[in-house]
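Notes follow the structure.
We did not get these values from a lab; they are worked out from the coordinates using the rules stated. Predicted model, so just to flag it, every value in this text is computed and none were measured. Backbone-built Cβ (ideal geometry, glycine too); neighbour counts: all protein chains shown.
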Amino acid sequence: MITLAAASQKGGVAKTTTNLAIGAKLAEDGARVLYIDLDPQMNLSNTLKASTAGVPSSLDVLTGEATIVEAAQVIDNYAVVPASRLNGKADDLMPSVGKDYRLRKALEAVADDYDYAILDTPPALGTLTVNALTAASWVVIPAQADAYSLDGVTDLAATIQAIREYTNPDLQIAGILLTRYNPRTSISKIIREDAEAMADEIGTRVFKAWIREATVVKEAQAVKQPLFEYAPSSKVAYDYRFFIDELLEEVNG
Ligand SMILES: Nc1ncnc2c1ncn2[C@@H]1O[C@H](COP(=O)(O)OP(=O)(O)OP(=O)(O)O)[C@@H](O)[C@H]1O
Ligand SMILES: [Mg+2]
């Protein structure tokens, strides 16, 4: 099983949108996909049509009250462990022993059942994101194409450094993905150059693929359909396909 997370402590940079797209494309291609939503906002769970009331959640998995097998809901061609609103309290609710490793350990038990696990995290660098990065083999850093969003990349890079040192030496950065990007604006060129300089600094690269701003992304989420089903021939679906091919080439060597 390959474990991937598009993560950043910056809000609204398309973490969830990117995780949804990666999982949808993989499942469409026949892979066994398990999504884990760790974010108390539950955006991923809701978009994937998961039940979130009165069911075991990722918080229960972290606290040891449920296994992934018990919490995973099979919907269409994927499985999802939903988040709960209480995920925001994970730090207080989780037992302190082995806190950072709880998701990793839970995923080990289902390593033969899925080809990919995709982890969606909240826009913060707390316990939930540490658990995700400790469990992940690869992290994608989405950055919305504006200057402040790139600031977030440096903070995440520092966290990744610490994760590698203390909890997951094998964590690899797949690359920085420019999202909601408009190549026609003059700022976009500057942003790409800045992102490339930053990527050099942290030993990764900027994906050749970039994701344009497009209303169909929001529409697909509103009707709870994968982008590739809702608007299969849209330019932004093409952007995501191109990105995912580039990502998988790297991940699968
Ligand atoms: N390429 C795009 N074009 C237009 N809208 C987009 C695009 N990508 C994402 N969005 C929209 O931007 C908003 C933020 O995206 P998303 O929820 O994926 O970000 P996030 O990083 O997961 O946010 P959070 O930090 O709150 O979890 C959403 O409303 C989403 O529909
Ligand atoms: Mg999100």
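Ranking of Phe242, Phe228 by neighbouring Cβ atoms within 10 Å, starting from the fewest: Phe242, Phe228. For the chain, the longest principal axis of the alpha carbon atoms and the long axis of helix 147-166 meet at an angle near 40°.
On a 0 to 90 degree scale, rounded to 10, what angle separates helix 15-28 from the longest Cα axis of the chain? On a 0 to 90 degree scale, this one is about 80.
With θ taken as phi - 60° and the Karplus curve 6.51 cos²θ - 1.76 cosθ + 1.60 applied, the whole-hertz 3J(HN,Hα) list for segment 229-235 is 8, 5, 9, x, 9, 6, 5 Hz, x standing for glycine and proline.
Here the Kirkwood formula puts the hydrodynamic radius of segment 2-247 at 17.9 Å, using every distinct Cα pair.
Among the chymotrypsin sites (Phe, Trp or Tyr not before Pro) in segment 92-164, none sits in a DSSP loop with a Cβ that has at most 16 other Cβ atoms within 10 Å.
Rounded to the nearest 500, the helix-only mean residue ellipticity at 222 nm of the chain stands at -13000 deg cm²/dmol, with each DSSP H run of n ≥ 4 adding -39,500 (n - 2.57).
Whole-Hz Karplus values for segment 106-119 come out as 5, 6, 4, 5, 10, 4, 8, 8, 10, 8, 9, 10, 10, 10 Hz, taken residue by residue from phi with 6.51 cos²θ - 1.76 cosθ + 1.60 and θ = phi - 60°; glycine and proline positions read x.
Of the beta bridges in the chain, as assigned by DSSP with both residues counted there, near 10 percent are antiparallel.
If all Cα-Cα distances of segment 186-253 are sorted into 10 Å bins from 0 onward, what percent lands in each bin, rounded to whole numbers? Calculated over all Cα pairs of segment 186-253, the distribution is 19, 37, 32, 12 percent. Near Val206, the amide H atoms lying under 5 Å from its own belong to Ile176; only residues 5 or more places off or on other chains count, and H is placed 1.01 Å from N. Here's how it looks for Asn168: its modeled amide H is under 5 Å from none belonging to a residue 5 or more places away or on a different chain. Close amide H pairs (under 5 Å, H built 1.01 Å from N) link Thr3 with Ala117, Ser137, Trp138, residues at least 5 positions away or on another chain. Stokes-Einstein diffusion for segment 1-132, with the hydrodynamic radius set to the Kirkwood value over Cα pairs and evaluated at 25 °C in a medium of 0.890 mPa s, equals 171 µm²/s. Largest GNM mean-square fluctuation among Ser84, Ser96, Ser149, using the chain with Cα springs under 10 Å: Ser96. The trypsin sites (Lys or Arg not before Pro) of segment 211-253 that meet both conditions, a loop assignment by DSSP and at most 15 other Cβ atoms within 10 Å of the site Cβ, are Lys224.
Computed from Cα atoms, the angle from the helix 186-201 axis to the main principal axis of the chain rounds to 50 degrees.
Backbone phi angles across segment 167-174, fed through the Karplus curve with coefficients 6.51, -1.76 and 1.60 (θ = phi - 60°), yield HN-Hα couplings of 10, 8, x, 8, 4, 10, 8, 6 Hz in residue order; Gly and Pro are listed as x. Descending by average beta-carbon neighbour count within 10 Å, the peptides 166-176, 10-20, 121-131 line up as 10-20, 121-131, 166-176, the highest first. Note on segment 117-222: along the principal axes its Cα atoms extend 42, 35, 21 Å, ordered by decreasing extent.
Loop-resident GluC sites (Glu not before Pro) (DSSP state other than H, G, I, E or B) in segment 8-105 with no more than 13 further Cβ atoms inside 10 Å of their Cβ: Glu65.
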